[in-house]
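**Q** Submitted below is the structure of interest, expressed as structure tokens.
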Amino acid sequence: MFSTPRPRFATLKGMWSSIVRGFVLTTVLFGFFVASPAYADQLNQSQQFQVNSFYDISGASAIQSTLRAIGTRGYFYVDDRYWGSLTSFQQDQFISSLQALSQQFDSTIYPASVALWGSEANPGVDGDSHVVILLQRVISGSGGYFETIHNYSKERAPSGNAREMIFVNVESVLGGSAKTFVAHEFQHLISFNQRELLQNAPDDVWLNEARSEYNVTVVGYSIPFQASTLQRREQAFLRTPSDSLSDWPNTGADYAIASMFVHYFAGRFGESALASTIHTSQAGASAFESWLTTHTDQRFSNVFVDWMVASLLNDRSQNPAYGYTLAGLSTLHVRPLATSTLSPSSGQVSFTTSLKEWQPYWATVDVTASATTATEARIRIDGAPDVSWYGAVIATYQNGSMKGFSFSSSAGVAQASLSLRNDGSLVRTIHLVLTQGTLAPVMDRIVLQRTAVISIGLGDVEAVQIPITTPTVNPPAQNIRFTQIFDGDLIRRVGQDDIYVVWGTYRRYLTKKILELYGFQDRPVREVPDDIFFKYDASVYIRAQGAQQVYSVWPDNTKHWLDITPAQWDGSGRDWGAIFTVNDAEVAAYATGAAITR
């Protein structure tokens, strides 16, 4: 897919935006970089920086900024566009908050991050030991981003800034969340040095992002747990738990599962075990495997299965591996994706699932008292034979005890039996977790999806034959059907072509031109029945971030300013909640039509 030896530079998006999904390419480097002359930045100096137009509020590729704070470790440049929008009082407040952020970076973020992961390139390409933190006006929902291109000399990357730098949402400074975003993005800067510059060993995106998620905890920002980023990740994970760990379309679910897994891993094996993934040349799951095979009798697949059980049961009383150690995550319990009841009349239950690599699946079967006249349950997994399947079966008994086993199979079939009694106590529930995966780095290859049928029954369980066909790779949008919708999802009515984006209780029609503007043309579209589609009220209203003008957008790609007063808006019966906030680039993409005056 990628040719070598030409250097490639990547964008690694930091915090997730529920509206705009980022993209990631692998960086492959050859040769050496040449350091530029040392910088000696001065307070209040003006500087133009190249920025990512995809994330910029106005779609700009370069912005003017001013150095507003200097710390021992950081230069804090502020987007002039934002600074100019503040009153004198707000500017004073901002400087106070910025100085506090600078102190946090010096005293907490920098030393704690470097102590665990190692250092960024220092003094690096610019010959200056300070990290440049550009506080930029970015699109709504984005906390920041990191780009490798800026870490090379102008000779190697003419369109870069030749600075060790990260980009953070400027509006988060007064909001108080900037320190979290800085902690997240700073790990990316460290990872770039430790892996790509020092080892020429790029990592899978999911693991790089997972370390950044954990770095927020490393620097102490997950305590208190209430209202922390970690709590928001937990909540997102509980809403959408079955997401592939290694496949990374850059959604909130991706960050959520990565955060939960690495917090479990570090809690079980220690932070140094997680930190080892930045110092090995192995990528993705293999980086974990490298440490596990050296220090334990575990494998990555074993640990992932234990994590699935821990996310379901979260009970360390009988097995320390079956729960989270971090206090804030001690009450986490995912809901099984499938449930059923096993009784003599049913005799057998079965579930069918299609899973990508390292995508978790949970099923729970309640066993009726009358069913326990049998002595054992039989479990059978019939899956695609060209991948390795991993899972576990855990039975809980009426006396509170647990009993179970893990299994793996690369032949397409796994079978086992489970006693329905333990120490004289009857079984109450049978839990099953399942996944499939490989240790090979994801990098540039496609993450495939495979199908399996799970059968649980009393006594012998008949083999369930499933067709083994070419796996689905990123199924076409029109074939994807969901009933649970989240903010930022794209939906269409069954059998219809028009596509809408959902936010809150509203849906907004997106033309082909706007889909392409955001890079949404290849995103999955959730095809929903009418009862779900019409739950969302239609909206045609938009306004740019920070602007007052509200426009009505028509299907012919025109925008029409609502030249009316707030009282007229209220009197017309229009809904304030139906106004979607978009970036300047989208507003500019529409032709201007006649204003609406009533």
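Just so you know, all these numbers are worked out from the coordinates, no wet-lab data involved. For clarity, every value in this text was computed on a predicted model and none was experimentally measured. A quick note on method: Cβ atoms are made from the backbone with ideal geometry, for glycine too, and the neighbour counts reach across all protein chains shown.
**Q** Charges on Cβ only, +1 for Lys and Arg, -1 for Asp and Glu, centred on the Cα centroid of the chain; of 499, 193, 48, which one is farthest towards the dipole's positive end?
**A** 499
**Q** Moving on. Quick one: 128, 537, fewest Cβ neighbours within 10 Å first, how do they rank? Don't skip to the end; give the middle numbers.
**A** Numbers: 128 19, 537 12.
Starting with the residue having the fewest Cβ neighbours, the order is 537, 128.
**Q** Place a +1 charge on the Cβ of each Lys and Arg in segment 477-592 and a -1 charge on the Cβ of each Asp and Glu, then give the dipole magnitude about the Cα centre in debye, rounded to the nearest 20.
**A** 120 debye
**Q** Could you give the distance between the Cα centres of segment 254-293 and segment 65-127, to the whole Å?
**A** 29 Å
**Q** Right, something else. How large is ³J(HN,Hα) for each residue in segment 572-589, as worked out from phi by the Karplus curve 6.51 cos²θ - 1.76 cosθ + 1.60 (θ = phi - 60°), to whole Hz, x for Gly and Pro?
**A** 7, x, 6, 9, 4, x, 8, 7, 8, 8, 10, 8, 4, 4, 5, 4, 5, 6
**Q** Give the long-range amide H neighbours of residue 450: residues separated by 5 or more places, or on another chain, with amide H under 5 Å away, using H modelled in the peptide plane at 1.01 Å from N.
**A** Under 5 Å from the amide H of residue 450 lie the amide H atoms of 355, 356, each far enough along the sequence or on another chain.
**Q** Apply the Karplus curve 6.51 cos²θ - 1.76 cosθ + 1.60, θ = phi - 60°, to the phi angles in segment 198-208 and return the couplings in whole Hz, x for Gly and Pro.
**A** So the J values, rounded to whole Hz, are 7, 10, 6, 9, x, 10, 4, 4, 4, 6, 4.
**Q** Would you mind telling me the antiparallel percentage of the DSSP bridges in the chain, rounded to 5?
**A** 70 percent
**Q** How high is the FRET efficiency from residue 48 to residue 558, r the C-beta distance, R0 45 Å, rounded to 0.05?
**A** 0.85
**Q** Now a separate question. For segment 338-458, compute Rh as the Kirkwood radius over C-alpha pairs and then the Stokes-Einstein diffusion coefficient at 4 °C and 1.567 mPa s; write the answer in µm²/s, rounded to an integer.
**A** 87 µm²/s
**Q** About the Cα centre of the chain, what is the dipole size in debye to 20, counting +1 per Lys and Arg Cβ and -1 per Asp and Glu Cβ, all else neutral?
**A** Dipole size: approximately 420 debye.
**Q** Let me ask you something else. Projecting each Cα onto the charge dipole of the chain (Lys/Arg +1, Asp/Glu -1 at the beta carbon, about the Cα centre), which of 336, 310, 110 comes out farthest on the positive side?
**A** Value: 336.
**Q** Follow-up. Taking +1 at the Cβ of each Lys and Arg and -1 at the Cβ of each Asp and Glu, which of 564, 347, 300 sits farthest along the dipole of the chain towards its positive end, judged by Cα position relative to the Cα centre?
**A** The Cα lying farthest towards the positive end belongs to 347.
**Q** Let me know the Rg and Dmax you get for segment 56-153 when you use only its Cα atoms, in Å.
**A** In Å, with Rg to one decimal and Dmax whole: 14.5, 41.
**Q** Rounded to the nearest 0.05, what FRET efficiency do residue 331 and residue 497 give with R0 = 51 Å and r taken as the Cβ-Cβ distance? Could you check? Please list the in-between numbers first.
**A** Numbers: r = 44 Å, r/R0 = 0.86.
Efficiency, from the Cβ-Cβ distance: 0.70.
**Q** In which sequence would 247, 497 go, from the one with the fewest C-beta neighbours within 10 Å to the one with the most? It would help to have the intermediate numbers written out before the result.
**A** Details: 247 19, 497 9.
In increasing order of surrounding Cβ atoms, one gets 497, 247.
**Q** Over the chain, consider all pairs of different Cα atoms and compute the Kirkwood hydrodynamic radius from their mean reciprocal separation; express it in Å, one decimal.
**A** About 26.3 Å for the chain.
**Q** If the only charges are +1 at each Lys and Arg Cβ and -1 at each Asp and Glu Cβ, what is the size of the charge dipole of segment 354-450 around the Cα centre, to the nearest 20 debye?
**A** Magnitude of the dipole: close to 100 debye.
**Q** What order do you get for 561, 576 when you list them from fewest to most C-beta neighbours inside 10 Å?
**A** 576, 561
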